[in-house]
Amino acid sequence: MRYRDRIDIISQILEAANGGNVTRTKVAYKAFLNYSQLKENLAALIQKDLLWYDEDTQHLRLPKKVSDFLTHTI
């Protein structure tokens, strides 16, 4: 397996969260991340408003602008 840079990891996190409400565990499995990698990257994405985390349901979802960007570039 090749090494991934931060951009690759963020891309896989956003793709995993695209399409609806998902849990952190599902994102970690889909993006092949361990807990510390996931925690570090999610914090950065949430801080930059590229990902939303709902405390009540504990689900992640993409804002509309990010979802639209992903659908037009893929």
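Bear in mind that the values in this text are calculations on the coordinates, not laboratory data. Everything quoted here is computed from the prediction, not taken from an experiment. No Cβ is skipped: glycine too gets one built from the backbone with ideal geometry, and neighbour counts run over all protein chains shown.
Tabulated data
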{"quantity": "Filter result (more than 12 Å from the chain's Cα centre (by Cα) and either of a type in the set (Ser, Thr, Tyr) or outside any loop (DSSP other than H, G, I, E, B) (or both)) within segment 49-69", "calculated": "Asp54, Thr57, Lys64, Lys65, Asp68, Phe69"}
{"quantity": "Where a residue in segment 41-65 is free of Cβ contacts under 8 Å to residues at least 40 places away in the same chain and its partner, wherever it lies, is of a type in the set (Asp, Glu) and in a loop (DSSP other than H, G, I, E, B), with Cβ under 7 Å and at least six apart", "calculated": "Pro63/Asp49"}
{"quantity": "Helices (runs of 4 or more DSSP H) contained entirely in segment 1-48, each with at least 1 residues that are over 19 Å from Leu70 (Cβ atoms)", "calculated": "24-31, 35-47"}
